[in-house]
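S.K.: Here's a structure for you.
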Number of protein chains: 4
Amino acid sequence: MHKIPVGILGASGYVGRELCQLVVDHPSLSLAFATANEQRGQHATFSGEDIVFGAMEDAPLNQAELVFSALPHGASSHWVGRASEAGAQVVDLSQDLRPGTGPDGIPYGLPELMRSKIKGARIVANPGCYPTVMLLALAPAIRGGLIRADSPVSVVAASGVTGAGSSPKPEMMFAEVGENYRAYAVGNSHRHMLEVRAIIKSLGGDFDVVFTPHLLPVSRGILATITVALNEAVDAPSEIWRAFYEAEPFVQIVDEAPSLKQVVHRNSVLINLHRAEKVRTPTLIIVAAIDNLMKGAAGQAVQNANLLLGLDEGQGLRA
Amino acid sequence: MHKIPVGILGASGYVGRELCQLVVDHPSLSLAFATANEQRGQHATFSGEDIVFGAMEDAPLNQAELVFSALPHGASSHWVGRASEAGAQVVDLSQDLRPGTGPDGIPYGLPELMRSKIKGARIVANPGCYPTVMLLALAPAIRGGLIRADSPVSVVAASGVTGAGSSPKPEMMFAEVGENYRAYAVGNSHRHMLEVRAIIKSLGGDFDVVFTPHLLPVSRGILATITVALNEAVDAPSEIWRAFYEAEPFVQIVDEAPSLKQVVHRNSVLINLHRAEKVRTPTLIIVAAIDNLMKGAAGQAVQNANLLLGLDEGQGLRA
Amino acid sequence: MHKIPVGILGASGYVGRELCQLVVDHPSLSLAFATANEQRGQHATFSGEDIVFGAMEDAPLNQAELVFSALPHGASSHWVGRASEAGAQVVDLSQDLRPGTGPDGIPYGLPELMRSKIKGARIVANPGCYPTVMLLALAPAIRGGLIRADSPVSVVAASGVTGAGSSPKPEMMFAEVGENYRAYAVGNSHRHMLEVRAIIKSLGGDFDVVFTPHLLPVSRGILATITVALNEAVDAPSEIWRAFYEAEPFVQIVDEAPSLKQVVHRNSVLINLHRAEKVRTPTLIIVAAIDNLMKGAAGQAVQNANLLLGLDEGQGLRA
Amino acid sequence: MHKIPVGILGASGYVGRELCQLVVDHPSLSLAFATANEQRGQHATFSGEDIVFGAMEDAPLNQAELVFSALPHGASSHWVGRASEAGAQVVDLSQDLRPGTGPDGIPYGLPELMRSKIKGARIVANPGCYPTVMLLALAPAIRGGLIRADSPVSVVAASGVTGAGSSPKPEMMFAEVGENYRAYAVGNSHRHMLEVRAIIKSLGGDFDVVFTPHLLPVSRGILATITVALNEAVDAPSEIWRAFYEAEPFVQIVDEAPSLKQVVHRNSVLINLHRAEKVRTPTLIIVAAIDNLMKGAAGQAVQNANLLLGLDEGQGLRA
């Protein structure tokens, strides 16, 4: 069977390697090339297939029908342009082209919320990991006009270490991370808030979000705990969310608060809803979990690629 | 030098053993007895001192000037009564006598907020671990009237496994907890909220708290991330908190968000304050950390015991 | 396509669940039933397929062409007999039927060493996890007569916690296992030595093995470090091992000492060989790794089932 | 009370910081200076005492009666010479002056085996972490002539990550070390073997040691598992070891195999002995544990400093 050749730029990091694995295992895609400047010439094996990382400059862009860019923020947009000029469709995993940072008109690759815009596109900006879980958890409330405008939505999220990339940093050593837990970017200053605010606005939301990310002593996974004051009490929030995501294979509304173990190595988001007891202001607690490397990065990128290429959206992905 | 004899009821759990260690190392206390029904007759060593756990019924209550009860909720109040009748002062670490659960009039052992009431008491109800960190983090805002009444305060906290006790449970096995993270008691239903609401009220607070605890793959430590909408913007929150806790050796206002590693094996609480960027509603993010077995349980119990016995409050404790 | 119906007895433990997953994902097998007395009536999901655990007594043994028994030692042999009487072929993962414990004549399911005997069998005794890695690592040396008879072979192995089963035990709690490491069954007393000694003898080996297992703070994986005094120096041990395992898809001789991460979720054994520097007695150090739940249990059981059923030996398994 | 001023060279690594902590808490020592070239000017707090790391060149060597050097191998001996010329006694924690590497005549700081030589010295070479545990575990067998000369002693040891130093390396990141375990320096090539072989010889031993170290996903602690073929069977090995170490406060012969949790933050070595069952060659299995930063480095350095300064050997150390 003919497989569609795709290329991966920036293939040696955690996200890049996850992409290599997904492409090699994908029933309709084949890996045309994978670049990794710092590790060029090095070999890696995915499901028995031997890959040699090439240099960026040597990337045979015109041999790929679709290119994934997992290059660092800042470096990516240049290569997205070159790949696009060479005729490839592109899924860019960097922040460079996302709302709030990049130019207007590039669709944001959150299929559950933006599918129609993604389908006809040449280039898609794949969302950040935190925005993915946050926006999917909040979207039914935004669209339903449930969220009070004058009370900030609190998003406290915790991520495994692969979210911080694979280059060695003192604060990511085992001796620092193990038996530890800490917040970072405290004060609502995480750069992911740029796209979060832009998308909330585009969905018709009008409220403050205060986001505090944390670092967990685990490899992968993100769990977000969201506290939302409501305009009025809602009897059965789970039913609203279930109706909203009825046809979505990668979103599951669950009755028990999810754990990271339930989502790792899967492209799903699990969302759980509880009404807060014993409060005067009706308040919802939403707990949502994804694998930061799957639905938070490489898995969602493949989901977008499937859409761009006219394949079944879930091909090569585990729900 | 004469040391004051103290007894420990329920000495074999994580909190009980931490108490044994603190008492054995304490310059003014000696361990008169330690009971542990299920492990009675078993030995344990603390700083080279061999302890034999006795049966509850054999506890020589009248040999202790002060008794710590680390018995389970429900079972503790009976023994607190018997120890008190035998003439001992008592620090009860269970929930039985805390505000919202127990009878009125028993002081709540949070010295930084309630010192004068603790000093003259015969019995003190030692606070829960989550309430300790939450209330110390919020107290300056409550007393200062900073918190908006109509917007729920979000408290998202994460605890190490020793907070769940030492009896074997399937969900606390290494294979379940390692590489995992999850919320529990979602919906504001944690029993610690009883004392939290009572104390907030007694401090003059009038707002909703929505609390969501989480389980971390670490042994010990609690980190709470609190999002608070303010009545009006505050320029320098750290200065307000520093002034409030000026003379307190066990409270430190820090400029960087604290990590668990900074507090384990210490009786301190570290509190960090940030104003949220880019929000219309002035909002404060408070990150606070304690060791759940020290300031969250045994350490604070010794701090209370020092107060009851007229000793220096910090004796035997590491800040 | 017609799939061969198989049953799983004892399906709710770590090994049983791994078997369920492998069977559900297997291209030629379908799951006819799965029993789990303590969890009967409970549901579990594998690759989207919902499984209900049945009671042992209700197992429709005659509906399965092959039955896996992951029942506890002692309890298994009875059910193996009943399944066999009902007409099913059986792969027994307990110790009950292994050499040194069970009756003579039941083949030992280590395909790389015993393939011809397995192929024609009705019942196979699936090896223990430690014996699998130890025997595969040593077999070329045994068959080659390389091992000195008068110097004990030291096998020091370390296993993840899933090797200890899923029932809650105090010593397997996160607070005990995390940040810890310890030996157990010290003194060469591990029950797996029964089959190890029997198989070494059957391979023509005549030397002592001294085995010391350890518990690692990881979920899965076994790494064995074996020190072997040789009759005479060997120039290129890797070449001998490579020749021995030339056609084996699940054995890889590697040039760098393997790590657990390289084998988890795979059915492979990685073996690395080094000659000891600066010793008078020629000595080999063999480091070998497997996933205790895959090649050490469920994966190998499926490999054996494939052989019994005349399927391709590697079907449904990841090398 | 007058305290003896000591200096620390290379104070910012894991060992250096442990030394700072021990000196600050020591009843008879005070910290005169602490250098750390890469972190010069930075502050660190130990038991409430604020330390500023100075540059190496500015170290006021003549203000210290004793200097600890925790500098890297290769860089240390130069500074040991300068400190000694300035009149200070020196405990060198590097490999530079140890037997097999350094000049003859410098005592090896293993007090339990070399106390008399250490007492009169100006300079002591503090042992490596692995040699400490290995030599203390083996010494009674060496001195007793128990070990067979023609059968290699197998030493398999596993260490926490602090043994690898604090500089960031890709292979020491949390995502690589967590849920992993691997051997390194396989082939008997670890540089610690230089001192091990030299000391075994000086104790009268005449046998091969084959050493394979491993990396554990824990912060601190070393556990060594040693398999020794004996000249003849020994009835009660524990009694021999107990007699040998009778007066030693930091060596404990224990009846159960020790775990890392029992030794961390203590200066002790725990040693457990078992005779191997069902072997023709009488064989002993010795399991021994230390904290690599305490008895394996900083703790032992303080023990040596106490000896050099004529203080009680155990001052400032927890057994």
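S.K.: Go through region C:147-165 and give me each residue that's outside any helix (DSSP H, G or I), at the interface with another protein chain (Cβ under 7 Å from one of its Cβ atoms) and buried (at least 18 other Cβ atoms within 10 Å of the Cβ).
M.R.: Listed by number, the residues that qualify are C:SER151, C:PRO152, C:SER154, C:VAL156, C:ALA158.
S.K.: Before we move on, is A:ALA236 over 18 Å from B:TYR181 (Cα atoms), away from chain B (no Cβ under 12 Å) and in contact (Cβ under 8 Å) with a residue 12 or more places away in the chain?
M.R.: no
S.K.: For the structure I just gave you, tell me whether C:ILE286 is touching a helix residue (DSSP H, G or I) at 6+ places or on another chain (Cβ under 6 Å) and within 30 Å of D:LYS201 (Cα to Cα).
M.R.: In short, yes.
S.K.: OK, next. Of (1) over 30 Å from A:GLY160 (Cβ atoms); (2) within 17 Å of the chain's Cα centre (by Cα), B:ILE271 satisfies all except one. Which?
M.R.: (1)
S.K.: Inspect region B:291-314 for any residue being aliphatic (A, V, I, L, M), within 15 Å of the chain's Cα centre (by Cα), buried (at least 20 other Cβ atoms within 10 Å of the Cβ) and closer than 18 Å to A:ALA183 by Cβ and give the result as yes or no.
M.R.: Checked region B:291-314: no residue is aliphatic (A, V, I, L, M), within 15 Å of the chain's Cα centre (by Cα), buried (at least 20 other Cβ atoms within 10 Å of the Cβ) and closer than 18 Å to A:ALA183 by Cβ.
S.K.: Looking only at region C:166-177, which residues are of a type outside the set (Phe, Trp, Tyr) and either more than 8 Å from chain D (Cβ to nearest Cβ) or within 19 Å of the chain's Cα centre (by Cα) (or both)?
M.R.: C:SER166, C:SER167, C:PRO168, C:LYS169, C:PRO170, C:GLU171, C:MET172, C:MET173, C:ALA175, C:VAL177
S.K.: Please list, ordered by residue number, the strands (runs of 3 or more DSSP E) wholly in region B:20-129 having 2 or more residues that are under 15 Å from the mean Cα position of the chain (by Cα) and surrounded by 15 or more Cβ atoms within 10 Å (Cβ to Cβ).
M.R.: B:66-69, B:89-92, B:123-125
S.K.: Check C:ALA319 against each of (1) outside the structural domain of C:SER116 (by TED's automatic domain parsing); (2) modelled with pLDDT of 95 or more; (3) touching a Phe, Trp or Tyr at 6+ places or on another chain (Cβ under 9 Å) and name the one condition it does not meet.
M.R.: The failed condition is (2).
S.K.: Report the residue count in region A:281-302 for those that are facing chain B (nearest Cβ under 7 Å) and of a type in the set (A, V, I, L, M, F, W, C).
M.R.: Summing the residues that are facing chain B (nearest Cβ under 7 Å) and of a type in the set (A, V, I, L, M, F, W, C) in region A:281-302 gives 2.
S.K.: What residue, among those in region A:264-275 that are within 23 Å of A:GLU232 (Cα to Cα) and not β-branched (Val, Ile, Thr), is nearest to the other protein chains (Cβ to nearest Cβ)?
M.R.: Of everything passing the filter in region A:264-275, A:HIS274 is nearest to the other protein chains (Cβ to nearest Cβ).
S.K.: Okay, next question. For region C:256-268, which positions are farther than 18 Å from D:HIS214 by Cβ and either out of contact with any Gly (no Cβ under 7 Å at 6 or more places or on another chain) or small (Gly, Ala, Ser) (or both)?
M.R.: Passing the criteria: C:HIS265, C:ARG266, C:SER268.
S.K.: Continuing with the same structure: Before we move on, is B:ALA301 farther than 20 Å from B:ARG115 by Cα and touching a strand residue (DSSP E or B) at 6+ places or on another chain (Cβ under 6 Å)?
M.R.: no
S.K.: What are the residues in region D:289-319 that are part of a helix (DSSP H, G or I) and of a type outside the set (S, T, N, Q), if any?
M.R.: D:MET294, D:LYS295, D:GLY296, D:ALA297, D:ALA298, D:GLY299, D:ALA301, D:VAL302, D:ALA305, D:LEU307, D:LEU308 - these are the residues of region D:289-319 that are part of a helix (DSSP H, G or I) and of a type outside the set (S, T, N, Q).
S.K.: Another question, if that's okay. Please find, among D:LYS278, D:LYS261, the residue that is under 18 Å from C:HIS190 (Cα atoms) and either in a strand (DSSP E or B) or at the interface with another protein chain (Cβ under 10 Å from one of its Cβ atoms) (or both).
M.R.: Unique residue meeting the criteria: D:LYS278.
S.K.: Also, I was wondering about something else. Return the residues of region D:178-202 that are more than 9 Å from chain C (Cβ to nearest Cβ), surrounded by fewer than 22 Cβ atoms within 10 Å (Cβ to Cβ) and part of a helix (DSSP H, G or I); say none if nothing qualifies.
M.R.: Answer for region D:178-202, where residues must be more than 9 Å from chain C (Cβ to nearest Cβ), surrounded by fewer than 22 Cβ atoms within 10 Å (Cβ to Cβ) and part of a helix (DSSP H, G or I): D:HIS192, D:LEU194, D:ALA198, D:LYS201, D:SER202.
S.K.: What are the residues in region D:105-124 that are of a type in the set (A, V, I, L, M) and free of Cβ contacts under 8 Å to residues at least 40 places away in the same chain, if any?
M.R.: D:ILE106, D:MET114
S.K.: Continuing with the same structure: Pairs, please: C-beta under 8 Å, at least 6 apart or cross-chain, first residue within 13 Å of another protein chain (Cβ to nearest Cβ) and in region B:35-49, second polar (S, T, N, Q)?
M.R.: From residues that are within 13 Å of another protein chain (Cβ to nearest Cβ), the pairs are B:GLU38/B:SER12; B:GLN39/B:SER12; B:GLN42/B:SER12; B:ALA44/B:SER12; B:PHE46/B:GLN21; B:SER47/B:GLN21.
S.K.: Just for region C:166-177: of the residues that are surrounded by fewer than 22 Cβ atoms within 10 Å (Cβ to Cβ) and of a type outside the set (Asp, Glu), which one is farthest from C:LEU97 (Cα to Cα)?
M.R.: C:PRO170
S.K.: Do you know which of the residues in region C:203-231 that are among the small types (Gly, Ala, Ser) and not in a loop (DSSP other than H, G, I, E, B) is farthest from D:SER159 (Cα to Cα)?
M.R.: C:ALA229
S.K.: Quick check on my filter: what residues within region A:203-218 are of a type in the set (A, V, I, L, M), surrounded by 20 or more Cβ atoms within 10 Å (Cβ to Cβ) and more than 7 Å from chain B (Cβ to nearest Cβ)?
M.R.: Of everything in region A:203-218, those that are of a type in the set (A, V, I, L, M), surrounded by 20 or more Cβ atoms within 10 Å (Cβ to Cβ) and more than 7 Å from chain B (Cβ to nearest Cβ) turn out to be A:VAL209, A:LEU215.
S.K.: A further question on this structure: Against the definition (more than 30 Å from C:GLU195 (Cα to Cα) and of a type in the set (Ser, Thr, Tyr)), how does C:THR45 come out, yes or no?
M.R.: So C:THR45 passes the test.
The values are calculated or read from the model by the stated rules, or taken from the named source; none is laboratory data. Computed from a predicted structure; not experimentally measured. Glycine gets a Cβ as well: all are built from the backbone with ideal geometry, and neighbour counts include every protein chain shown.
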